[in-house]
Amino acid sequence: MFIVMKPASSRQDVEHILAELPRLDVIGRASEGALRPVIEVLEAGPGLDRRRLEQLPAVECVLDDPAQVLAAIRGAKGQTRPVPLGQRAHVGGRRVAVIAGPCSVEDEGRLLETAAAVAEAGAVALRGGAFKPRTSPYSFQGHGERALEMLARVRAETGLAVVTEVMSCEHIERVQPVADVLQVGSRNMHNTPLLKALGAQDKPILLKRGWSATLEEFLLAAEYIRQAGNSDVILCERGIRTHEEYVRNTLALGIVPEVKRVSDLPIIVDPSHGTGRAHLVAPMCRAAIACGADGLLIEVHPSPERAWSDGAQSLNLQEFRELMDGLRTLAAACDRDI
Ligand code: PEP
Ligand code: MN
C-alpha cells in the first residue's frame, strides 16, 4: 500500500505523517519520489483504518500498487517534458529528434564520414557503441576506451551531440565526459544499481525498453533514475521478443501513444533493433512519427555489408538521406518538423 502526498507537500508534511503512522498501527517508509513524496506501508496491524490514512493532512490518496502510484503522480496528459540532446537540440517537442550512427564505433574515418553525412541529412545526434552488449562472447565487444576517444574527437569536429551506452557502473566515469546522453541498453533495463547510479549523473539518460519488459516495468525503471535525482530520461522502444521470427524483435509501437497518455517522459523509437532488417526501417520510422514518437534512433554505416555489428539492420548513407527526405513530408503532415 502506498500513501501518495499532495504535489506541494513539504518534508515537514512527510515527517508529520511518519510520526502519525505508529498511532494508526502502520510501519511506513518515505521515498522522495521523482515528482512528489510517497510513503510505502511496509507493515500494517489490525488497527489500520484506510480512511483515517486518507484523511491525514497533505495526503492525496492511498493506493494499492506501484502502477497506480505511477498513474497518480504522472505529468498531465499531453505535457511531455523536453530533455536536452546536447547544447542545440532536445527530445520532446515539435521537432522529431533523429539520432543516427553506427551500431559500434569501428574506426575514426568511418565514424567521421557517418557523422558528417547524418548531420547533413538532418540528424541532431550521433549514436555509436564503445562498450557493446553482445549476445555472444565471440562477437566484437566494442573498442571501449579507444572508441570513446574517437567519439570525443568526432563530437568536437562536427558539433553533434553523442549518445553512447554505459554497460556497468564502472563505465560511468569514463563515458560521462564524452557523452551528451548516456544510453542504458535493453539488457540492462532491469539493472537497478546501474539505474540508481545514473540517477546521480547530470547527463540525460536514454533508457531502452527491456525486450521482455511490460510498459509498467519500463516506466518503473525510469522512476529509479528519476528518484535518484535525474529527471532527464528519454524512453526508447526497441522491440520486444515474441514468437515471430521474420523480424529480430517485434516493434511494439502501441507503447508510444500509451506513454504519451500516462507519462510526461519523451519516447523515441529504434526501428533498427526493432526489426533487425534494413528494408523495414523506413516504414517503421514513418509509423513511429505518425503515432507520435518524439524521435528516432537509427543505425547507419557507410557500408553495412562490412559492418562489425548489426549490418543487416543498418542503412547506408544514401539510404539515410533518402529516408530523411521522405520523412520531412510525413512530419509536416503530422504537424511536426524533422
Ligand atoms: C544499441 O542500441 O546499441 C543496442 C545494443 O540496442 P539494444 O540495447 O536495444 O539491444
Ligand atoms: Mn546495434
Hey, any hits in the stretch 154-168 for a residue that's farther than 17 Å from Ala116 by Cα and out of contact with any strand residue (DSSP E or B) (no Cβ under 8 Å at 6 or more places or on another chain)? yes
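The rows are residues; the columns are (1) under 28 Å from Ala333 (Cβ atoms); (2) more than 16 Å from ligand 1 (Cβ to nearest atom); (3) not acidic (Asp, Glu).
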{"site": "Leu195", "(1), (2), (3)": "no, no, yes"}
{"site": "Arg209", "(1), (2), (3)": "yes, no, yes"}
{"site": "Ile255", "(1), (2), (3)": "yes, no, yes"}
{"site": "Cys291", "(1), (2), (3)": "yes, yes, yes"}
Regarding the stretch 296-309, can at least one residue be identified that is more than 19 Å from Thr114 (Cα to Cα), in a loop (DSSP other than H, G, I, E, B) and either open to solvent by less than 10 Å² (accessible area, probe 1.4 Å) or in contact with a Gly (Cβ under 9 Å, 6 or more places away or on another chain) (or both)? no
If we keep only residues of the stretch 175-207 that are of a type in the set (Lys, Arg) and touching a Phe, Trp or Tyr at 6+ places or on another chain (Cβ under 9 Å), then the residue farthest from Ile267 (Cα to Cα) is Lys196
Out of the residues in the stretch 300-337 that are touching a helix residue (DSSP H, G or I) at 6+ places or on another chain (Cβ under 9 Å) and among the hydroxyl-bearing types (Ser, Thr, Tyr), state the one that is farthest from ligand 2 (Cβ to nearest atom). Ser303
Starting from the stretch 97-109, take each residue that is open to solvent by less than 10 Å² (accessible area, probe 1.4 Å) and modelled with pLDDT of 95 or more and list its partners that are more than 12 Å from ligand 2 (Cβ to nearest atom) and among the aromatic types (Phe, Trp, Tyr), counting only C-beta distances under 8 angstrom and pairs at least six apart or across chains. Ala100/Phe320
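One line per residue, one yes/no per condition, for (1) in contact with a Leu (Cβ under 9 Å, 6 or more places away or on another chain); (2) closer than 27 Å to Val14 by Cα; (3) assigned to a helix (DSSP H, G or I); (4) within 16 Å of ligand 1 (Cβ to nearest atom):
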site	(1), (2), (3), (4)
Ile39	yes, yes, no, no
Arg52	yes, yes, yes, no
Arg81	yes, yes, no, no
Gln87	no, no, no, no
Glu113	yes, no, yes, no
Ala117	yes, no, yes, no
Cross-chain or 6+ apart pairs with Cβ under 6 Å, the stretch 277-293 first and touching a residue at least 12 places away in the same chain (Cβ under 8 Å) and on the phi < 0 side of the Ramachandran plot, then part of a helix (DSSP H, G or I) and open to solvent by 40 Å² or more (accessible area, probe 1.4 Å): Arg286/Leu330; Ile289/Leu330; Cys291/Pro257
Residue count, the stretch 250-277, condition more than 18 Å from Gly101 (Cβ to Cβ) and in a helix (DSSP H, G or I), comes to 8
Scan the stretch 317-338 and report the pairs whose first residue is outside any helix (DSSP H, G or I) and whose second residue is open to solvent by 40 Å² or more (accessible area, probe 1.4 Å) and not basic (Lys, Arg), with Cβ atoms within less than 7 Å and a gap of 6+ or a chain change. Cys334/Ala290
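The values are calculated or read from the model by the stated rules, or taken from the named source; none is laboratory data. All values reported here derive from a predicted model rather than from experimental measurement. Glycine also receives a Cβ, built like all others from the backbone with ideal geometry; neighbour counts cover every protein chain displayed. Areas reflect the complete protein model, heavy atoms only, side chains present, ligands, DNA and RNA absent. Shrake-Rupley method; radii C 1.70, N 1.55, O 1.52, S 1.80 Å.
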